[in-house]
Amino acid sequence: MVIGDYLARRALYSPDQLAIIDHGRSPALRLTYAQLNVRADRLASWLRDEGDVGYRDRVAVLARDGVDHLDLFFACSKLGAVHTALNWRLHWRETFELLENTSPKLLFFGPDFAETARQMEGAARLVPLDRLADILATASPGPVSYEALEPEDIAALIFTGGTTGLPKAAQVSHRQIAWNTLNTVIHDLHHDDVYLNVFPLFHTGGLFVYTLPNVILGGTTVLVRQFDPAQALELIEREAVTVFAGVPTMYQMMAQAPGWTEADLSSLRFCTSGGAPLPVPLVERYTREKGVSFKQGFGMTEFGPGVFALAPEDAVGKAGSIGRPTFYVEAGIMDSEGRLLGPNEVGELVLKGPTATSGYFGLPPEPGLDGPGFFHTGDLARYDEQGYFYIVDRLKDMFISGGENVYPAEIEKALYEHPAVHQCAVVGLPDEKWGQVGHACVVRGHGARVEAGELLDFLGERLARYKVPKGVTFMESLPLSGAGKILKNELVERLKE
């Protein structure tokens with residue numbers, strides 16, 4: 001087989017190297033590559049013999065993060081089957097529809113989701129993850145592989161964000177995994193890195209940004225059930241973590257968590273931030289108080305997922321940039337008529353390269369994924385004379401007020417300059433006079449006091465008048481996706497109530 005059996009190859013090279021530390025268990029479970037490979041072989045054997053799982057069959061999992069997710073991923077890879085992780089934040093009816101669309105043979109579910117799993121009767125054969133210990137203890141330990149596996153075979157289905165409509169299942173091939181790993185190694189990882197993953201493993205950020213490249217390279221990956229800012233600070237120190245990744249909201253929460261002042265983050269080679277521009281004051285605080293260097297970037301389920309990278313030395317001087325394309329990605333800016341634009345012109349970000357997914361499961365081919373041409377990201381962007389790219393906004397987030405294009409990301413960047421703003425999001429709301437107007441949703445920092453008028457005046461000193469929101473709503477928290485991104489469609493619905 002092509003190198004789809006990642007664990008067997010890594011166990012051959014470094015069997016005694018520590019592979020996984022699962023802090024979702026008490027005490028933490030520590031596994032070498034040899035031990036992790038035996039687990040995957042045993043589970044693959046059971047899936048084949050008892051679950052009737054084979055080449056191209058889907059195996060779904062609905063559970064919080066833990067080594068169980070990786071056991072299933074690596075077992076599926078040995079069989080040529082397709083790992084299908086489900087977003088546990090979805091309503092059970094949405095989950096049921098996703099199962100109907102992808103028709104998995106089995107659905108493994110964690111104890112937190114037993115009630116949801118009961119609603120899935122008929123969509124897949126149900127297997128509680130509580131059974132996994134017995135399966136691993138009794139299944140055949142011999143090596144399992146699918147020798148006819150090819151690079152274009154699908155390793156996993158990763159569901160897109162689903163902030164509007166039902167998520168689509170992006171098909172991640174073994175070819176995509178190989179190219180993404182090469183891109184990641186070129187820009188980021190070392191053989192001896194210790195990576196703390198706090199992203200959900202049903203998300204491309206959890207499974208593919210660093211976790212799988214780190215396994216392929218032979219590093220150690222630390223897992224937690226889900227992100228907790230105080231725990232993250234503690235584990236970085238305890239496990240001498242060298243690489244950490246999060247979205248800006250996570251870094252904001254960590255800086256306000258108990259234990260921040262005492263936290264020792266000196267083991268970190270760097271932190272990576274993605275999902276949205278990291279506010280410069282936050283970068284400066286981490287650098288000043290903890291000596292942390294930040295890499296920033298941009299990724300997406302359908303491409304990479306690592307697409308752009310911004311080096312630590314550019315974090316302030318190129319603030320707001322997502323960086324330059326990773327080594328094997330071609331990026332451009334295109335207008336509505338399909339023409340590529342030059343520096344400092346705003347258009348849609350388009351991508352081309354070998355890290356593209358193989359289209360969406362069950363849907364027609366899409367240009368740039370499983371067809372020729374560029375992939376259209378839906379992001380408005382520009383690049384400067386040095387080749388640094390900047391996301392202006394999502395096409396769907398932009399709104400038109402009085403005939404002018406308004407980009408919420410620009411307003412949010414200005415809001416984050418106010419010291420009282422912990423989190424914020426700007427959305428467009430219908431308006432009889434202007435068509436649409438902006439509205440800011442703001443979470444104040446701990447103990448901070450600021451009123452709507454003060455924030456609007458603050459923005460008025462920094463932005464054109466038509467860009468300044470017409471209202472501000474203060475909230476205790478903003479709705480977040482599983483990857484920590486703000487769900488603007490939910491904010492719009494709240495504001496309509």
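The values are calculated or read from the model by the stated rules, or taken from the named source; none is laboratory data. These numbers were taken from a predicted model, which means no experiment stands behind them. Because the Cβ atoms are built from the backbone with ideal geometry, glycine has one as well, and the counts that use them run over all protein chains shown. Quick note on the areas: whole protein, heavy atoms, side chains included, nothing else; ligands and nucleic acids left out. Shrake-Rupley method; radii C 1.70, N 1.55, O 1.52, S 1.80 Å.
Exactly one residue among Leu196, Leu217 is open to solvent by less than 10 Å² (accessible area, probe 1.4 Å), touching an Asp or Glu at 6+ places or on another chain (Cβ under 9 Å) and modelled with pLDDT of 95 or more, and that residue is Leu196.
Checking the stated criteria, Arg449 turns out not to satisfy the condition of being in contact with a strand residue (DSSP E or B) (Cβ under 8 Å, 6 or more places away or on another chain), open to solvent by 30 Å² or more (accessible area, probe 1.4 Å), over 22 Å from Met398 (Cβ atoms) and not aliphatic (A, V, I, L, M).
Per this entry, Val243 is counted among residues that are touching a helix residue (DSSP H, G or I) at 6+ places or on another chain (Cβ under 9 Å) and open to solvent by less than 10 Å² (accessible area, probe 1.4 Å).
Taking the conditions (1) within 14 Å of Val243 (Cα to Cα); (2) open to solvent by 10 Å² or more (accessible area, probe 1.4 Å); (3) part of a helix (DSSP H, G or I) in turn, Ala230 satisfies each one other than (1). Only one of the numbered conditions (1) more than 22 Å from Leu282 (Cα to Cα); (2) of a type outside the set (A, V, I, L, M); (3) open to solvent by less than 20 Å² (accessible area, probe 1.4 Å) is violated by Cys424, and that is (1).
Could you list all residues from region 260-304 that are under 20 Å from the mean Cα position of the chain (by Cα) and either assigned to a loop (DSSP other than H, G, I, E, B) or of a type in the set (Asp, Glu) (or both)? Of everything in region 260-304, those that are under 20 Å from the mean Cα position of the chain (by Cα) and either assigned to a loop (DSSP other than H, G, I, E, B) or of a type in the set (Asp, Glu) (or both) turn out to be Gly274, Gly275, Ala276, Pro277, Leu278, Pro279, Thr301, Glu302. Inside region 25-77, can you point out the residues that are small (Gly, Ala, Ser), within 23 Å of Arg238 (Cα to Cα) and in contact with a strand residue (DSSP E or B) (Cβ under 6 Å, 6 or more places away or on another chain)? Passing the criteria: Ala28, Gly66.
One line per residue, one yes/no per condition, for (1) touching a residue at least 40 places away in the same chain (Cβ under 8 Å); (2) open to solvent by 10 Å² or more (accessible area, probe 1.4 Å); (3) part of a strand (DSSP E or B); (4) over 24 Å from Arg64 (Cβ atoms):
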{"residue": "Ser140", "(1), (2), (3), (4)": "yes, yes, no, yes"}
{"residue": "Tyr146", "(1), (2), (3), (4)": "yes, yes, no, yes"}
{"residue": "Ile158", "(1), (2), (3), (4)": "yes, no, yes, no"}
{"residue": "Leu182", "(1), (2), (3), (4)": "yes, yes, no, yes"}
{"residue": "Val185", "(1), (2), (3), (4)": "no, yes, no, yes"}
{"residue": "His191", "(1), (2), (3), (4)": "no, yes, no, yes"}
{"residue": "Gly206", "(1), (2), (3), (4)": "yes, no, no, no"}
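Counting only residues that are within 16 Å of Gln296 (Cβ to Cβ), in a strand (DSSP E or B) and of a type outside the set (A, V, I, L, M, F, W, C), region 375-411 holds 3 of them.
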